[in-house]
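Got a structure for you, written out below as structure tokens; questions coming shortly.
The values are calculated or read from the model by the stated rules, or taken from the named source; none is laboratory data. Everything numeric in this text was worked out from a predicted model, so none of it was measured. Ideal geometry is used to build each Cβ from the backbone, glycine not excepted, and the neighbour counts take in all protein chains shown. Just the protein is used for accessible areas: all its heavy atoms, side chains included, with ligands, DNA and RNA removed. Shrake-Rupley method; radii C 1.70, N 1.55, O 1.52, S 1.80 Å.
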Amino acid sequence: MSHNIAIDGPAGAGKSTIAKIVAKTLSFIYVDTGAMYRAMALYMLRKKVRPNHEDEVSTACRDVDITIRHENGEQVVLLNGENVNGLIRTEEVGNMASAISVNADVRTKLVELQQALAATADVVMDGRDIGTVVLPKAQLKIYLTASTHVRALRRYQELTQRGENCEIEAIERDIAERDERDMHREISPLRQAEDAHLVDSSELTIDEVAQQIIRLYRENA
Ligand code: DC
């Protein structure tokens, strides 16, 4: 039986950075489910699908084939065969991903893919509904969070390092809006699973959080 670790939490809590370290240390595969929603969102942006039109999103979703593969430990997302890794990390795509992820057809399609991946390999999977919906039987569930301000600050540093022009206030507003939508949507909202461990990363370093999760896994598995 494969072993699975589920890490959920709001945008900017450090899920992907930490999940990668945990996966590497335990020799698990890291699966970034947000990247799948982002690839789907990129398709919808290109096709000028209106995210608030449920039927448009559902129809477009049928033409999308998302697959992932791993190259040198990195997850590569393929959108209808095209490697879109370099195109999905913008705020525009992130906001579109949040908007279309409320759609039942989008979720069904991506959840199936995620469950198939976790059934055949030991994975650390991060997202919003991993502990609650995708992998309810995961050996370890983590709900990773941090204050809105700390998350905005981290995102600001990440974007400015990449040479993007941005304002901290706008990022903080965007994060609060995204949290609101992700936590209050009808299907699979972001919430802490009852059996998930709560980890607040506001005052901790990346390494401290990763070590805490590795320790919890070793104690629980
Ligand atoms: O983690 P991220 O910022 O890459 O995710 C982008 C959006 O995708 C997020 O705002 C909500 C959606 N998402 C989701 O609904 N369920 C997941 N398991 C992962 C992401």
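What lysines does Lys15 reach when the alpha-carbon gap must be under 17 Å and sequence neighbours fewer than 8 apart in one chain are set aside?
Lys24, Lys141
Turning to a different aspect of this structure: To check you understand DSSP bridge types, tell me what percent of the beta bridges within the chain (both residues inside) are antiparallel, rounded to 5.
Antiparallel bridges: around 30 percent, rounded to the nearest 5.
Ratio of the stretch 5-51's C-alpha Rg to 2.2 N^0.38 Å, to two decimals?
Normalised Rg, Cα atoms only: 1.45.
Follow-up. What range in the chain is the longest one free of GluC sites (Glu not before Pro) that are in a loop by DSSP and have at most 12 other Cβ atoms within 10 angstrom?
By the stated rule (loop sites, at most 12 other Cβ atoms within 10 Å), 1-163.
Using the Karplus equation 6.51 cos²θ - 1.76 cosθ + 1.60 (θ = phi - 60°), what ³J(HN,Hα) coupling, rounded to whole Hz, does each residue of the stretch 17-24 give in order, writing x for Gly and Pro?
Residue by residue, the stretch 17-24 yields 4, 6, 4, 5, 5, 4, 4, 5 Hz.
Rounded to the nearest 500, what is the 222 nm mean residue ellipticity of the chain from helices alone, with -39500 (n - 2.57) per DSSP H run of 4+ residues and division by all residues?
It comes out at -15500 deg cm²/dmol, rounded to the nearest 500.
Then there is this: Which semi-axes, in whole Å and largest first, does the equivalent ellipsoid of the stretch 132-181 have when worked out from the alpha carbon gyration tensor as the square roots of 5 times its eigenvalues?
So the three semi-axes of the stretch 132-181 are 28, 13, 10 Å.
At q = 0.12, 0.13, 0.16, 0.19 Å⁻¹, what log₁₀ I(q)/I(0) does a Debye calculation on the Cα points of the stretch 108-202 give, no solvent, two decimals?
Rounded to two decimals, the profile gives -0.49, -0.57, -0.81, -1.01.
Could you look at the stretch 4-56 and say what percent of its accessible area is carbon and sulfur, using a 1.4 Å probe and all protein chains?
Accessible surface attributable to carbon and sulfur in the stretch 4-56 totals 50 percent.
Here is a follow-up. Taking amide hydrogens as modeled 1.01 Å from N in the peptide plane, which residues meet the under 5 Å criterion relative to Val124, leaving out close sequence neighbours?
Under 5 Å from the amide H of Val124: Ile5, Ile29, Tyr30, Val31.
Hey, how many Å between the Cα centroid of the stretch 167-221 and the Cα centroid of the stretch 14-78?
About 18 Å separates the Cα centre of the stretch 167-221 from the one of the stretch 14-78.
Counting C-alpha atoms alone, how compact is the chain: give Rg to one decimal and Dmax as a whole number, in angstrom.
Here Rg and the maximum Cα pair distance are 16.5, 48 Å.
Scaled to the compact-protein estimate 2.2 N^0.38 Å, what is the alpha-carbon radius of gyration of the stretch 1-94, rounded to two decimal places?
1.19
Report, by chain and number, residues whose modeled amide H sits under 5 Å from the one on His197, excluding near sequence neighbours (fewer than 5 apart, same chain).
It is Lys141, Ile142, Tyr143, by chain and number.
Over the chain, give the accessible area per residue in Å² for a 1.4 Å probe, as an integer.
Ligands and nucleic acids excluded, the result is 50 Å² per residue.
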